[in-house]
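Take a look at the structure set out below.
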Amino acid sequence: MSDNDMRQFGIHTYDRWTAMWNGDLYLAEKIMAPEFVLRYAQAGTEAFDDVRTPQQLADIIGAWHQRRHGLRFVAEGSAVVDLALVDGAPTGLVARPYLATVKDEDGRTVARSGTDTLRITDGLISEVWSVSSGAAGRTFYR
């Protein structure tokens, strides 16, 4: 794979990560390693601490959408892609800012920005670091 192919692989993986968070839950089995670690560095995200399998992740994302009407994620800004072929599979890091929006109890749109960093091992997401903005953490999760 060329450097451009690696960059496109990383961007495509991040786009699929975003689509999964927008409700395409079948992607969890396609993009996540059989066992992985989530590291959410904001208050109110403790529910993710014990998620380790694609099915657990799909289940928790589905539950979040049931409680957060209109929840939507979009990638923003440029992706940082640092991937190399290791034993024939892309391995390394992909990071990109995102914007998340959701409707509050009064129907107003609440927006929060953040950055997700995906560790890719053997072509699959094996670890995620996520940090987002907002006073007292990700207030739209509450």
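The values are calculated or read from the model by the stated rules, or taken from the named source; none is laboratory data. All of these numbers come straight from a predicted model, not from anything done at the bench. Quick reminder, even Gly has a Cβ in these numbers, built from the backbone with ideal geometry, and neighbours come from all protein chains shown. Keep in mind that these areas ignore ligands, DNA and RNA; they rest on the heavy atoms of the full protein, side chains included. Shrake-Rupley method; radii C 1.70, N 1.55, O 1.52, S 1.80 Å.
Test each condition in (1) of a type in the set (Val, Ile, Thr); (2) within 20 Å of SER132 (Cβ to Cβ); (3) touching a residue at least 24 places away in the same chain (Cβ under 8 Å); (4) part of a helix (DSSP H, G or I) for ILE11 and report the one that comes out false.
(2)
Sort out which residues of the range 34-48 are assigned to a strand (DSSP E or B) and open to solvent by 60 Å² or more (accessible area, probe 1.4 Å), and write them in order of number.
Result: PRO34, GLU35, ARG39.
Would you mind stating whether THR115 is touching a residue at least 60 places away in the same chain (Cβ under 8 Å), among the β-branched types (Val, Ile, Thr) and open to solvent by 50 Å² or more (accessible area, probe 1.4 Å)?
No: the conditions fail for THR115.
So if I check each of ARG72, ARG52, which one is out of contact with any helix residue (DSSP H, G or I) (no Cβ under 7 Å at 6 or more places or on another chain) and closer than 14 Å to VAL128 by Cα?
ARG52
Conditions first: (1) at pLDDT below 85; (2) within 25 Å of ILE11 (Cα to Cα). ARG142 passes all but one, so which condition is the exception?
Result: ARG142 passes all but (2).
Just to be sure, is THR91 under 23 Å from HIS12 (Cβ atoms), open to solvent by less than 50 Å² (accessible area, probe 1.4 Å), touching a Leu at 6+ places or on another chain (Cβ under 9 Å) and polar (S, T, N, Q)?
Taking the combined requirement at face value, the residue satisfies it.
Please determine, by comparing only the residues of the range 1-23 that are open to solvent by 60 Å² or more (accessible area, probe 1.4 Å) and either under 13 Å from SER126 (Cα atoms) or more than 12 Å from the chain's Cα centre (by Cα) (or both), which one is modelled with the lowest pLDDT.
Filtering first and then ranking leaves MET1.
Does the range 24-33 hold any residues that are touching a residue at least 24 places away in the same chain (Cβ under 8 Å) and either open to solvent by 20 Å² or more (accessible area, probe 1.4 Å) or closer than 19 Å to TYR98 by Cβ (or both), and which are they?
LEU25, TYR26, ALA28, GLU29, ILE31, MET32
List the strands (runs of 3 or more DSSP E) inside the range 49-124, counting only whole elements, that have at least 3 residues being of a type in the set (A, V, I, L, M, F, W, C) and modelled with pLDDT under 90.
89-103
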